[in-house]
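Please read the structure below before turning to the comments.
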Amino acid sequence: MSSASDIAFTPSVKSVQELRGSRKGYSQMEAKGGWETTVSPDLAAFIAEVRSFYLATASKDGQPYIQHRGGPKGFLHVVDAKTLAFADFSGNRQYITTGNLAENPRAFIFLMDYASRRRVKLWGEARVVEDDPELTRRLTIEGYLGRPEQVIVFTLKAWDVNCPQHIPQMFFVEDIKEAVDGLKNRIAQLEQENAELRAAQGAKEQRGGT
């Protein structure tokens, strides 16, 4: 019986799972429907918070390549239940991903949330879209300094969520700054309230002594 997980669980992978004792559990997962193949509301909410992800491609000969992509929240867009897209900003101009996709559309997106220790894996196919100013405009976040050079459209085939074990917990600097600034403002407010209470108490004591 075929399953969406077959995109990753090849016969070779399944034989290793059988040898090491995990095939039964995954067979039960597959019997219940297997991996998701469309963007769920939970996944869409997760993607909306993404500021960084990894995109994997391979040449027609199978040489793998992983490229980091980053931007402000929302730069990775959910177009519909089967499609993601993002403006591809100008970088070091090696064009390895672009060249790979020109001869092999298979692609993989790895989403990592270090703060909450969550990771999501997405399998699919991707294509490069050039000379579409309207699409580029819709996918570009206003105010972001990166220069969009093209668009990459990702068609989802299957996705899976990993357990959080072994993921180090890390935070974005801007998130820490926002939390610290909030605490600083709260401390300043409390100090002001404390000073006002002390002044009022002092005035009350002075009136009581005259």
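At a glance:
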| item | result |
| --- | --- |
| Nonlocal amide H pairs with Val79, under 5 Å, H built at 1.01 Å | Leu84, Ala85 |
| Integer Hz, Karplus 6.51/-1.76/1.60 couplings in order for segment 61-70, x for Gly and Pro | 8, x, 6, x, 8, 10, 10, 7, 10, x |
| Carbon + sulfur, % of accessible area of segment 105-164 - ligands and nucleic acids excluded, 1.4 Å | 48 |
| Given [x] 18.8; [y] 24.4; [z] 20.7, the label whose value is Kirkwood radius over Cα pairs in Å derived from this model | [z] |
| Fraction of accessible area attributable to carbon and sulfur, segment 26-92 (%, probe 1.4 Å) | 51 |
| FRET E, pair Ala102, Tyr54, Förster distance 22 Å, beta-carbon r, rounded to 0.05 | 0.65 |
| For peptides 35-44, 179-188, 75-84, 117-126, sequence by mean Cβ density within 10 Å, most packed first | 117-126, 75-84, 35-44, 179-188 |
| For Val39, distant residues with modelled amide H under 5 Å away | Lys82 |
| Charge dipole (debye, nearest 20) of segment 140-209; +1 at Cβ of Lys and Arg, -1 at Cβ of Asp and Glu | 220 |
| Most to least accessible of Lys157, Lys24 (protein chains only, probe 1.4 Å) | Lys24, Lys157 |
| Size of charge dipole - segment 94-183 - debye, nearest 20, with Cβ of Lys, Arg +1 and Asp, Glu -1, no other charges | 420 |
| Virtual spin-label span in nm between Val13 and Arg118, 7 Å along Cα→Cβ | 2.2 |
| Most positive-pole-ward Cα, Pro148, Ala126, Tyr114, against dipole of segment 73-210 from beta carbon charges | Tyr114 |
| Centroid-to-centroid separation of segment 129-187 and segment 74-94 [C-alpha atoms, Å] | 10 |
| Simple label model, 7 Å out from Cα along Cβ direction - Met170 to His68, nm | 0.7 |
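The values are calculated or read from the model by the stated rules, or taken from the named source; none is laboratory data. This structure is a prediction, so every number in the text was calculated from the model and none was measured. Counting neighbours? That spans all protein chains shown, and the Cβs are built from the backbone with ideal geometry, glycine included. Side chains included, ligands, DNA and RNA excluded: accessible areas come from the protein's heavy atoms. Shrake-Rupley method; radii C 1.70, N 1.55, O 1.52, S 1.80 Å.
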